[in-house]
Amino acid sequence: MPAQVDWQPAADLAGLRARAAQLALVREFFTERKVLEVETPLLAAHTVSDPHINAVSVELGESGLTGLHAKQSDRRWLQTSPEYAMKRLLAAGSGDIYQVCKSFRGGEQGRHHNLEFTLLEWYRLNFDQFDLMKETASLLCLLFKINTSDMKSYAELFEAHYDCDPHTASASALHALAGRHGIDCDKYDANGMLDVLFSYHLQPQLQDLTFVYDYPESQSALARVEVDSKGRRVARRFECFYRGIELGNGYHELLDAHELQRRHAFDNQVRLDLGRPEIESDAKFMGAMQHGLPNCAGI
């Protein structure tokens with residue numbers, strides 16, 4: 001007789017019903033706001049260049065052969081998010097859109113992460129980061145059955161906890177600060193130290209629904225960079241946290257195609273420095289950006 005296998009699904013019926021109810025609320029929320037639901041491919045010829053996101057590749061050879069039998073041209077990527085495809089829709093004139101889909105990220109296995117997960121992503125025309133934070137707060141308060149949320153700038157948190165301006169602090173000052181908090185400085189550059197100082201010391205304190213905005217320019221990803229009221233160059237992006245867990249990452253979206261190409265090249269240099277392969281530029285996404293992405297914010 002074969003050995004007994006634990007075949008029971010991890011999700012119980014109560015969990016499935018709760019999930020279905022949450023998804024119904026999400027769709028009702030966006031229907032009321034006339035935001036169009038879309039669906040884009042999970043498997044694509046290109047992926048993101050972000051050095052700290054590990055995309056999952058799939059090799060499709062002749063007759064479905066994989067591995068050593070696959071040609072380089074047959075490589076496809078499971079999408080880490082539908083961002084590129086959704087921005088092509090935006091450039092083509094879709095208007096406000098949202099999507100609930102599966103996404104995949106390698107190396108993200110843990111209590112709060114899984115290689116395969118369900119993601120909600122949406123884009124709102126003529127919204128800035130503050131407009132999108134307010135809308136995101138409305139949705140999350142509905143889902144979590146809470147009434148309040150808070151907004152704090154990245155600098156405000158660092159200045160209150162560390163007496164440090166993260167936008168202007170020198171690398172040596174950040175090394176000294178990290179050392180005082182038991183962080184191995186040799187492992188990280190200045191940007192890495194900011195990330196560790198935030199993730200391990202500030203993020204766990206964000207138990208209420210909190211939006212942190214205006215990140216350092218070095219963490220701009222695909223957000224636009226602007227000068228704030230104190231003359232500092234900041235990334236117009238935010239992250240939202242609840243019970244110490246990051247739930248979402250939103251941008252006032254970058255519109256400059258030339259800047260996008262520069263950031264892609266910079267990402268690839270970082271990838272090479274980390275011993276990771278370069279990522280080929282997505283010509284269709286770049287073409288959409290050159291055609292013109294409308295003013296929008298997305299999360």
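The values are calculated or read from the model by the stated rules, or taken from the named source; none is laboratory data. Since this is a predicted model, take the numbers as computed values, not measurements. Cβ: placed from backbone, ideal geometry, glycine included. Neighbour counts: every protein chain shown. Accessible surface areas use protein heavy atoms only, side chains included; no ligands, DNA or RNA. Shrake-Rupley method; radii C 1.70, N 1.55, O 1.52, S 1.80 Å.
The alpha carbon radius of gyration of the chain, expressed as a multiple of 2.2 N^0.38 Å, is 1.08.
Pick out which of 270, 234, 212 has the largest mean-square fluctuation in a Gaussian network model of the chain, springs linking Cα atoms closer than 10 Å. Its mean-square fluctuation being the largest, the pick is 270. Accessible surface comparison of 259, 159, probe 1.4 Å, protein chains only, largest first: the order is 159, 259. Spatially close Lys pairs in the chain, defined by Cα atoms under 22 Å apart and a spacing of eight or more places or different chains, total 10. Of the residues 179, 56, 266, the one whose Cα sits farthest toward the positive end of the charge dipole of the chain, with +1 on the Cβ of Lys and Arg and -1 on the Cβ of Asp and Glu, is 56. If the chain linking residue 57 and residue 229 were pulled fully straight, counting 0.36 nm for each residue of separation and taking away their Cα-Cα distance, it would gain 57.6 nm. Evaluating kT/(6 pi eta Rh) at 25 °C and 0.890 mPa s, with the Kirkwood radius of the stretch 1-143 over Cα pairs in the Stokes-Einstein relation, gives 136 µm² s⁻¹.
Beyond 18 Å, the tail of the calculated P(r) for the stretch 141-299 holds 66 percent of the Cα pairs. Taking the chain as a Gaussian network of alpha-carbon nodes connected by springs under 10 Å, the highest mean-square fluctuation of the residues 250, 93, 110 belongs to 110. Remark: the residue 243-residue 165 segment gains 25.6 nm on full extension, using 0.36 nm per residue and subtracting the alpha carbon distance.
For the stretch 146-203 and the stretch 96-138, what is the separation of their Cα centres, given in Å? Centre-to-centre (Cα) distance: 24 Å. Between residue 266 and residue 75, the C-beta separation translates, for a Förster distance of 22 Å, into a calculated FRET efficiency of about 0.40.
Percent of Cα-Cα pairs more than 24 Å apart in the stretch 68-208, please. Percent of Cα pairs beyond 24 Å in the stretch 68-208: 57. Select from 28, 83, 121 the residue whose mean-square fluctuation is largest in a Gaussian network model of the chain (Cα-Cα springs shorter than 10 Å). Maximum among the listed residues: 28.
The convex hull of the Cα atoms of the stretch 5-58, projected and averaged over all directions, covers 7.2 nm². The value of relative contact order for the chain, using C-alpha pairs under 8 Å at least six residues apart, is 19 percent.
At full extension, residue 141 and residue 16 could sit 42.9 nm farther apart than now, given 0.36 nm per residue minus the alpha carbon distance. Counting only protein heavy atoms and a 1.4 Å probe, the chain has 56 square angstrom of accessible area per residue.
Simple point charges give the picture: +1 on the Cβ of Lys and Arg, -1 on the Cβ of Asp and Glu, and for the chain a dipole about the Cα centre of about 460 debye.
Towards the positive end of the charge dipole of the chain, with charges on Cβ (+1 Lys, Arg; -1 Asp, Glu), say which of 205, 43, 287 has the farthest Cα. Going by the Cα projections, it comes out as 43. When the trypsin sites (Lys or Arg not before Pro) in the stretch 76-139 are filtered for DSSP coil states and for at most 15 other beta-carbon atoms within 10 Å of their beta-carbon, the remaining sites are 111. Between residue 128 and residue 184, the distance separating the two model label sites (each 7 Å from Cα on the Cα→Cβ line) works out to 4.2 nm.
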